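Everything below concerns the one structure shown next.
Derivation of every value follows stated rules applied to the coordinates shown; laboratory data play no part. These numbers were taken from a predicted model, which means no experiment stands behind them. Note that we place each Cβ from the backbone using ideal geometry, even for glycine, and neighbour counts take in every protein chain shown.
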Amino acid sequence: MRIVNLVTFLAMRPGTVFSKYEPCVFGELMVKHDSSGSTCDFYCSSLTTEVDSSELGEMVDLLETSEQTGSSVPLHFNTVCRDGLYEQNQLFAVWEQSDVVGLIDRLQKALDDGYGDDQPAADAGEIRTIAIWSEGYRATGEAATATLHGEFEGKTFSDAVELYLQTLGLEDRAYYHQHDDGSWSCWGCRLFDNEADARKAYG
């Protein structure tokens, strides 16, 4: 890990793992996305505190219910947010590759020790070509049928979607959402790996 200033941080690649830093105090662990050099701003995703919800009221309801009943609160790790604070003197604790590898190893051990057989085995399938379809919709006088977005390589549907998202601009990517059950949607329209399922609802 190393401590860098804002200018150095903005020049770093998307995918950099970091937390905001002030002397001897570390902030939330996050992943960096694109920078906006002209405004000294950047986009990022939380690795710890982003609740999988469609709006603030739903998040509050989920958390309050969990406080009272101990119910599960799903987290989401791909939500992209803009920092928007423009703090010129902000410092960043940037993780190096060895730090990220070490965390992955430690989390894998925690998964094995703490969750064991309750967790599904890692997917060991072959890389294959996977189609990405979105279902159609009917709303506010507008309608559309299912759309094929392309075909991408991956072991899983999520692998393919992640590659597809890399072809989009940052603003367009923000409309795509992975849910706690692993499914994906865009503007409320579900994504599928085949045409038949994509056309079931609206053709």
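Calculate, in nm to one decimal, what T156 and V101 gain on full extension: separation in residues at 0.36 nm each, minus their alpha carbon distance.
Extra length from T156 to V101 when fully extended: 17.6 nm.
Kindly state, to the nearest 0.05, the FRET efficiency for E22 paired with S54, given R0 = 30 Å and r defined as their beta-carbon distance.
About 0.35, to the nearest 0.05.
Sum -39500 (n - 2.57) across every DSSP H segment of at least 4 residues in the chain, then divide by the residue count to get the 222 nm mean residue ellipticity, nearest 500.
Result for the chain, helices only: -7500 deg cm²/dmol.
In terms of the ratio Rg/(2.2 N^0.38 Å) built on C-alpha atoms, what value belongs to the chain?
My calculation over the Cα atoms of the chain gives 1.17.
Which order results if D61, D197 are arranged by neighbouring Cβ count within 10 Å, fewest first?
D61, D197
Lysines within cross-link reach of K155: Cα-Cα under 27 Å, excluding same-chain residues under 8 positions apart?
K32, K109, K200
So, in nm, how far is label R138 from label T79 when the simple model puts each one 7 Å beyond its Cα toward the Cβ?
Label at R138, label at T79, 3.2 nm between them.
Could you calculate the contour length gain from T145 to A11, that is, 0.36 nm times the residue separation minus the distance between their Cα atoms, to one decimal place in nm?
Using 0.36 nm per residue and subtracting the Cα-Cα distance, I get 44.1 nm.
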